[in-house]
Amino acid sequence: MPAEQVERGAEEQPGGRPQRRPWTPPFGPAGPPLKGKGEKRGKTTSGGQPRRGPSTSARMKHINLSFAACGFLGIYHLGAASALYRHGRKLLKDVKAFAGASAGSLVATVLLTAPERIEECNEFTYKFAEEIRRQSFGALTPGYDFMARLRSGMDLILPANAHELAHNRLHVSITNTKTRQNYLVSKFSSREDLIKVLLASSFLPIYAGVKPVEYNGQKWVDGGLTNSLPILPVGRTVTVSPFSGRLDISPQDKGQLNVYVNVAKQDMMLSVANLVRLNQALFPPSKRKMESLYQHGFGDAIKFLLKENWFE
């Protein structure tokens, strides 16, 4: 069954009878990420017998796929998404929900609604990055409209029924400017609704502009500020990130101290390589380097599929 809205202590969804309280959006505050994956130890069947560890087929019944916030390192996500689309069909057909923050939400949306257009996304990303590099101060250059350029890519790539394909299956991380709470939006009444939520998830204040995105009467900014890697509460969430850390699909930095820092609910290794990646997320590297990042994303996803016996 489709993944329901992700939250803890959720308010009643639209369609039910709301309680008498201030406006509640059609989603809920995101709870803290769950540490466990798959079945819990000691769980029993309805007959009280100990349950065996999950088989591959059992685990695949509740699989989610989540892409981390990462700015222009989203090209790594596109490489991973391409590998999953080409060689992980067996996995993708059983993925119940897709999730993401900022650039990760964009790739999650494309993989869910228009996977055959990943190559178009690559070309748009390369051109967008080149445009940023040509600006005197990158995206911060006065007069440059980062959000308008990003929207043009969404208008170009997302299909007319993207919101229908994404409804209750896509969970987008956004941050409320007033409460500073994180929300995972999973309901989209129109394509425009979906685009607004994706823009909100990608709006990094000052960098992308000074006027937050308005949606449902409130103002929203980058979901990566409060939950950069959404972990859904039901089943196993497969995580994808261009930052080295405790993740399923990610670079594996060698020769580093095993010291991790939690950045907006994402465990990343404390390393020089990750600091370089953080800079590249905001200030895109050369096209050659971005092509290399794409290939690394593709290769890391293939390794994951082989490890999990999902490669085909």
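The values are calculated or read from the model by the stated rules, or taken from the named source; none is laboratory data. These figures come from a predicted structure and were not determined experimentally. As a convention, Cβ positions derive from the backbone with ideal geometry for all residues, glycine included, and neighbour counts pool all protein chains shown. Remember, those area values only see protein heavy atoms, side chains included, never the ligands or the DNA or RNA. Shrake-Rupley method; radii C 1.70, N 1.55, O 1.52, S 1.80 Å.
Numbers below:
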read-out: Residue-by-residue Karplus 3J(HN,Hα) for the stretch 170-182, coefficients 6.51, -1.76, 1.60, Hz, glycine and proline x; value: 10, 10, 9, 7, 9, 10, 7, 5, 7, 8, 6, 8, 8
read-out: With DNA, RNA and ligands ignored, accessible area of residue 146 (1.4 Å probe; Å², nearest 10); value: 20 Å²
read-out: Long pairs among 93/307; 61/265; 254/307, criterion Cα-Cα beyond 23 Å; value: 61/265
read-out: Cα shape, the stretch 58-133, gyration tensor, a/c 1.5 rule; value: prolate
read-out: For the stretch 74-81, Karplus couplings with θ = phi - 60° (6.51, -1.76, 1.60), whole Hz, Gly/Pro x; value: x, 5, 5, 4, 5, x, 5, 4
read-out: Separation of the residue 272 and residue 141 label points, Cα + 7 Å toward Cβ, nm; value: 3.1 nm
read-out: Spatially near lysine pairs across the stretch 105-225, Cα under 19 Å, sequence gap of 8 or more or different chains; value: 8
read-out: For residue 70, distant residues with modelled amide H under 5 Å away; value: 103, 104
